[in-house]
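Any read-out appearing in this document is the output of simple, stated calculations on the displayed coordinates, not a laboratory observation. Please read these numbers as outputs of a predicted model, since none were measured by experiment. So basically every Cβ, Gly included, is an ideal-geometry build from the backbone, and we count neighbours across all protein chains shown.
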Amino acid sequence: MLGVSAALQSQLSGIKNIELGLLAMGLSRAEVKALSPQVAEWSDIGDAIERPMKTYSSGMQSRLKFAISTAVKQEILLVDEALSTGDATFKQKAQERMEDFIDGAGTVFLVAHSSRTIAQYCSRAIWLHKGEIINDGPCEVVNRQYDHWSRLVSMREYGKASGFIVRMKRENPKNRVIFDTEAAKFMAKD
């Protein structure tokens, strides 16, 4: 979604943004023409599809961006908090679409603050804090740590929360993102 978002123009209608987004994803004009009505329908924003995107609520914009981004199976999908917006019906549709994408062997980079969402869709989590990797590992481990830190912050235990971050960084000093595909290629060379 991050890539599609950069291509969209707020002054253009939803349907024109669908066309622009699909073109930015590398589809031909013929493919765009064939796929656009399905994307518009899936976004479920009704007649608003003909209005400029700048008139949309943030939820409507998220629906449209998500519909465009997931219209075509990609090797990599970047999703930034899209599953946390919208009503219950849209959330269910988005969850089903994400599951289809993941089942199709795609790689999803999901940005979320919800441990539940991360646990549902991911096998691995990277906890970032102020641009720094705090931990990188199995979701259940990283989520548990993040949730503990989050509880400390919500209770205004800022000193303890900062101390916890320092401890996590000390316990995980070599946090460096290595993608599973990179590791597999490296291991295959031996």
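The table below gives the values:
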| item | result |
| --- | --- |
| Translational D in µm²/s for the range 1-109 (Stokes-Einstein at 4 °C, 1.567 mPa s, Kirkwood Rh from C-alpha pairs) | 95 µm²/s |
| Estimated vicinal HN-Hα couplings, Hz - the range 40-49 in sequence order (Karplus 6.51, -1.76, 1.60; Gly, Pro = x) | 4, 5, 5, 5, 6, 10, x, 5, 4, 4 |
| Amide H within-cut-off set for R124, under 5 Å, with H built and near neighbours excluded | C139 |
| For V111, residues with placed amide H under 5 Å, excluding near neighbours | V79, D80, E81 |
| Tensor-based shape of the range 110-173 (alpha-carbon gyration tensor, a/c under 1.5 rounded, otherwise prolate or oblate) | oblate |
| Distance from the range 35-65 to the range 97-162 (C-alpha centre basis), Å | 29 Å |
| Exceeding the 26 Å Cα-Cα cut-off - candidates K130/K160; K54/K91; K73/K130 | K73/K130 |
| Estimated vicinal HN-Hα couplings, Hz - the range 161-170 in sequence order (Karplus 6.51, -1.76, 1.60; Gly, Pro = x) | 5, 5, x, 5, 4, 4, 4, 4, 5, 5 |
| Summed side-chain charge close to S36 - residues other than S36 whose Cβ falls under 12 Å, Lys, Arg +1, Asp, Glu -1 | 0 |
